[in-house]
Amino acid sequence: MLSQRDLAIRNLREKDYRAILDRVEIEGDCHVWKGRLSRGKGRFTIYQGPQPVEITVARLVAYLAFGKAPENKTQVTTTCNNRNCLRKEHLTYASDEEVRKRRKERNARRR
């Protein structure tokens, strides 16, 4: 059975796609979300039915590019370390463990 979020994504309308594209700018090798942020991540609201569905834009783009996330990969992360990048080549599904490992490696490089 599909979750409300998965169902909303499957039923996206053309105006939703345009609204997303209007909020993306190309910066170097990344396609960066310039729309609404919440806790540092891009957010988009899909208005369908009685309850709007809010989703991170990276998860939305990953779902459209790769399909539903595998059961063991609950996070969407970027290989470019720009958390607002939406370029599909930079997005990947990751497990919680993989996300912790990448964060640790990124923090070690900053020191």
Among the residues of segment 68-80, the number that are under 13 Å from the mean Cα position of the chain (by Cα) and either modelled with pLDDT of 90 or more or not small (Gly, Ala, Ser) (or both) is 7
For residue 6, state whether it is over 15 Å from residue 90 (Cα atoms), buried (at least 18 other Cβ atoms within 10 Å of the Cβ), modelled with pLDDT under 90 and not small (Gly, Ala, Ser).
no
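The values are calculated or read from the model by the stated rules, or taken from the named source; none is laboratory data. All values derive from a computational prediction rather than experimental measurement. Glycine also receives a Cβ, built like all others from the backbone with ideal geometry; neighbour counts cover every protein chain displayed.
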